[in-house]
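Take a look at the structure below.
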Amino acid sequence: MADLTSNFLGIKSPNPFWLASAPPTDKAYNVNRAFEAGWGGVSWKTLGEDPHIVNVNGPRYSSMMSNDRRVIGFNNIELITDRPFQVNLKEMRQVKRDWPDRALVASVMFPMNEASWAKHIPIIEDTGIDGFELNFGCPHGMSERGMGAAVGQVPEYIKQATEWCKKYATVPVIVKLTPNITDVIYPAEACLEGGADAVSLINTINSIMRVDYDSLTMFPTTGGMGTHGGYCGEAVKPIALNMVAEIARNEKTKNLPISGIGGVTTWKDAVDFIALGASNVQVCTAAMVYGFKIVEDMKTGLSNFLDEKGMNSVDELIGKAVPSVTDWKFLNLNHVDKAVIDQEKCIKCGRCHIVCEDTSHQAIKYSDDGGNRVFTVDDNECVGCNLCVSVCPIVDCITMVAMESGVDPRTGKEITSEPADWTTHENNPMKVS
Amino acid sequence: MSNNKIKSEGVNIKSHRLSKKEIEDNFSDLHAPLTPIEALIEADRCYFCYDAPCTKACPSDIDVPGFIQSIRSDNLTGAAEKILSENIFGGMCARDCPTEELCQQACVRNDHEDKPVEIGLLQRYATDSVLENGVKLFSRKKDTGKSIAVVGAGPAGISCAHRLSVLGHNITVYDSKDKLGGLNEYGIAAYKSTNDFAQQELDYILDIGGINIQTGMELGKQITLEGLQKQFDAVFLGCGLGTVNQLNLENENISGVIDAVEYIANLRQTSNKDELMVGKNIVVIGGGMTAIDIAVQSKLLGAEQVTIAYRRDKNAMAASEYEQTLAKKHDVQIQYNLSPKQLISDESNVSAIVFDVMSSQNDGSINATGESLTLRADVVFKAIGQKLVTEGLTDNSLELEKGRIVVDENRKTSLTKVWAGGDCILDGDNLTVSAVQDGKLAAISINETLTQGA
């Protein structure tokens, strides 16, 4: 059995699966249940100044579902904790005492003035928490008041607030980033400059789920009016993975530890985040959709995966895929793939043909000889785009196979093992000679 | 018509074998309709194939992936429109089509999981929605001033009439029976068309208008083909097969030997199925859908022993594998290679039937082996096919072959103004869906002919 224990910034937990700061970590009752179910740690629901905020008394959540009502994406307009500051502190102190082996991080959100940080940070730390997570990501409600994503969208504010927190905290400080920006590198570098010990990402994405088809209002609403929420769940994972990988491969931030967040639902999602540079993962939506038991498969799945890979610990997986991420301009333009259809596996649905014919390169030919349907790749036209693979309903029926030698019949060019990329391509006006 | 050939004093033939409740349960829907969530999940299984094999396998050319996609998106009206614009009897066909031999056999999911998309149930889901809500999908074009006679109010005739009405023509439909619908009303197994569905569907179809209905009018009696040709701009014959084949055995008229078609018609029309006379030991002669239908329904009515005796081997049986399995599930015995030889009677009711045991040859011929087999029977159902009533047709130089009407690919007969479709034409496959297609193709051809140069 591979070792799942995690040591993130010196914060130890029995596994790398933490619950993200969100409704599941709102109070001791939930957190105790989470720890009983086996979660490695929690980031407590974001604390703010008293008087505490209030929430709407109507829908806070809505989901995008498949036809069999599996949740694909999830949206919320809940704000930070709506309970008094001291109530939270009391519960946190007790929970940390009761669960010393689990990670307990305090998510916090304070206005852009140092006095507030100076006042709150030491009191919170006194509860015995393992670290802080600065919520610079919440994209709804709090951002209207100059906090949350309103801070996370301005690198100077990130740096300033991080410095204040670091000044008054002795435990590690993680900065949670918003994806509602143009380039995540700017906020990540600001974190580094502010002295952050780590970043966590992503927070939720600005979103409106849909309209109500009867009333033609946005959906859901609070008595007829609605506001944008934060989007999360499985659908956002690719966006999160890109941002994690960007930070992990950026020269300045590559050693900044990352806690990966965004749609983690199974152990495979955790593998994605960790291999692309995260040290642990945080989960919210999967727990809100299935309950805390979902962590069981995450743990055994990850452990079994590590065993199969011959890895002894999660640490060995961290960043394994980062070297394979690069800029487009460095991709090898001499590499040639062609689609290959396994006729034994093919069920003759013809999806590959029609998508290639209608929307791509007319490289999959169709013949129907008296009901005997055959789909074949025309190497003269195939550009290796992977569209057919992307739509084929059968696993491994169509694969992309690299040409090792010979001539690409589409371009007439000899296959070479010498790589060549855009930086030296003759069509590039900026090419380096 | 009544079961006057079954004598109630016969020892083993009686009514009330099962309670009213048991019979009601037995004759409930064969396949329960899909719930909305079931329909969405099933629709999600459709791969939206290119040049879809299911559509090619559909005798009425329904765009199957197209209508399933519309179910997926909650566009049930769009789904029903796709179905009904090709097949106005899409509701009944969803219930009685042998989908396991047509669209669902062609489904590519059979290739890797042996579990096709439930196309029939999805089609029912979509069509039920517009029928139940009375959603009007079709309107009539400007009146062409042309009038067309349709003989027979079965699926072929009504399909033809509906399409012609949409195209702006005026139609008069003649039918010999009191109720419309043909075999949809009188022939389809009761558990495939529950809650008087055939009439509901007809009401929906005929709501288009422009279709004048004349019941109790039989070709060769109240109306003649010659007269119709004179009176109308075109004639469509969708008269079906009016009579059944006989065993040609001695004693064939004795009590207990019954035409299956007649019994089923009675079964469909009665309001109290528990009042029907049911045999204890029943032998069904035949190998088609009618044989299966009468055998299964006899079981559901309370018969103890039901045996289908077919004169050829299993492979030659016209009833699909699915239907044969359905019969076996209902505890019906199917015996192959039995050719009826002699009816034995006891106190004027049939008591047994003797068969020659046959052997099937590779060339499809069958020979008597010399052995014989006797099955006890208090009822023998004849389900050995139907034939065209040719009176009223032959005098008009209408070309017939093998006792059926010859038509071209547009369902046009040898007569200039006459088209035909459904079971009465040569090479018809006795399927509702094919009859509907015949009516549609004939209507298109009639319209083209009548509006040429207009």
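A few comments on the model shown:
- Complete set of residues in the stretch A:80-100 that are under 14 Å from A:Ser21 (Cβ atoms) and over 29 Å from the mean Cα position of the chain (by Cα): none
- Any hit, the stretch A:362-372, residues being within 14 Å of chain B (Cβ to nearest Cβ), polar (S, T, N, Q) and under 39 Å from the mean Cα position of the chain (by Cα): yes
- Residue check, B:Asp44 in contact (Cβ under 8 Å) with a residue 12 or more places away in the chain and away from every other protein chain (no Cβ under 14 Å): no
Okay, residues lined up against (1) surrounded by fewer than 17 Cβ atoms within 10 Å (Cβ to Cβ); (2) in contact with a Cys (Cβ under 7 Å, 6 or more places away or on another chain); (3) farther than 17 Å from A:Gly41 by Cα:
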{"residue": "A:Asn255", "(1), (2), (3)": "yes, no, yes"}
{"residue": "A:Ser259", "(1), (2), (3)": "no, no, no"}
{"residue": "A:Asp269", "(1), (2), (3)": "no, no, yes"}
{"residue": "A:Gly277", "(1), (2), (3)": "no, no, yes"}
{"residue": "A:Met288", "(1), (2), (3)": "no, no, no"}
{"residue": "A:Ile294", "(1), (2), (3)": "no, no, no"}
{"residue": "A:Leu302", "(1), (2), (3)": "no, no, no"}
{"residue": "A:Lys309", "(1), (2), (3)": "yes, no, yes"}
{"residue": "A:Glu316", "(1), (2), (3)": "yes, no, yes"}
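- A:Cys388 vs. criteria of a type outside the set (Ser, Thr, Tyr), touching a strand residue (DSSP E or B) at 6+ places or on another chain (Cβ under 9 Å) and not in a loop (DSSP other than H, G, I, E, B): yes
- When we screen B:Ala94, B:Ala39 for residues that are away from chain A (no Cβ under 14 Å), among the aliphatic types (A, V, I, L, M), crowded, with 18+ Cβ neighbours inside 10 Å and more than 18 Å from A:Cys349 (Cβ to Cβ), the only hit is B:Ala94.
- Count of the stretch A:391-433 residues which are among the hydroxyl-bearing types (Ser, Thr, Tyr) and in contact with a strand residue (DSSP E or B) (Cβ under 9 Å, 6 or more places away or on another chain): 2
- Criterion applied to A:Glu193, A:Glu144, A:Glu189, A:Glu156 was being of a type in the set (Asp, Glu), out of contact with any His (no Cβ under 6 Å at 6 or more places or on another chain) and crowded, with 18+ Cβ neighbours inside 10 Å, and the one residue passing it is A:Glu189.
- Looking only at residues of the stretch B:136-189 that are in a helix (DSSP H, G or I) and modelled with pLDDT under 95, we find that the one that is nearest to B:Gly227 (Cα to Cα) is B:Leu183.
- Residue list for the stretch B:210-224, filter: among the charged types (D, E, K, R) and surrounded by 17 or more Cβ atoms within 10 Å (Cβ to Cβ): B:Glu218
- Restricting the stretch B:54-68 to residues that are in contact with a Leu (Cβ under 9 Å, 6 or more places away or on another chain) and not in a loop (DSSP other than H, G, I, E, B), the residue that is farthest from the other protein chains (Cβ to nearest Cβ) is B:Phe67.
- Check on B:Ala79, within 15 Å of B:Ala94 (Cβ to Cβ), at pLDDT below 95 and away from every other protein chain (no Cβ under 13 Å): no
- Check on B:Asn447, under 30 Å from B:Gly302 (Cβ atoms) and either part of a loop (DSSP other than H, G, I, E, B) or out of contact with any strand residue (DSSP E or B) (no Cβ under 6 Å at 6 or more places or on another chain) (or both): no
- Test: residue in the stretch A:300-320 that is within 14 Å of chain B (Cβ to nearest Cβ), part of a helix (DSSP H, G or I) and in contact (Cβ under 8 Å) with a residue 12 or more places away in the chain: no
- The set of residues from the stretch B:100-134 being at pLDDT 95 or above, surrounded by fewer than 18 Cβ atoms within 10 Å (Cβ to Cβ) and part of a loop (DSSP other than H, G, I, E, B) comprises just one member, B:Lys115.
- Within the stretch A:133-171, being under 21 Å from the mean Cα position of the chain (by Cα), modelled with pLDDT of 95 or more and more than 19 Å from A:Asp183 (Cα to Cα) holds for A:Glu133, A:Leu134.
- Checked against (1) exposed (fewer than 15 other Cβ atoms within 10 Å of the Cβ); (2) within 24 Å of B:Cys54 (Cα to Cα); (3) not hydroxyl-bearing (Ser, Thr, Tyr), A:Asn386 passes all but condition (2).
- Complete set of residues in the stretch B:40-76 that are at pLDDT 95 or above and at positive phi: B:Phe48, B:Asp51, B:Asp61
- Some residue of the stretch B:391-402 being out of contact with any Asp or Glu (no Cβ under 9 Å at 6 or more places or on another chain), at pLDDT below 95 and of a type in the set (Ser, Thr, Tyr): yes
- Applying the criterion of being at negative phi and free of Cβ contacts under 8 Å to residues at least 24 places away in the same chain to the residues of the stretch B:159-204, the residue that is surrounded by the fewest Cβ atoms within 10 Å (Cβ to Cβ) is B:Asp203.
- All of B:Ile83, B:Ile88, B:Ile71 fail the test of being assigned to a loop (DSSP other than H, G, I, E, B), hydrophobic (A, V, I, L, M, F, W, C) and surrounded by 24 or more Cβ atoms within 10 Å (Cβ to Cβ), apart from B:Ile88.
The values are calculated or read from the model by the stated rules, or taken from the named source; none is laboratory data. Just so it is clear, the model here is predicted, and its values are computed rather than measured. Ideal geometry is used to build each Cβ from the backbone, glycine not excepted, and the neighbour counts take in all protein chains shown.
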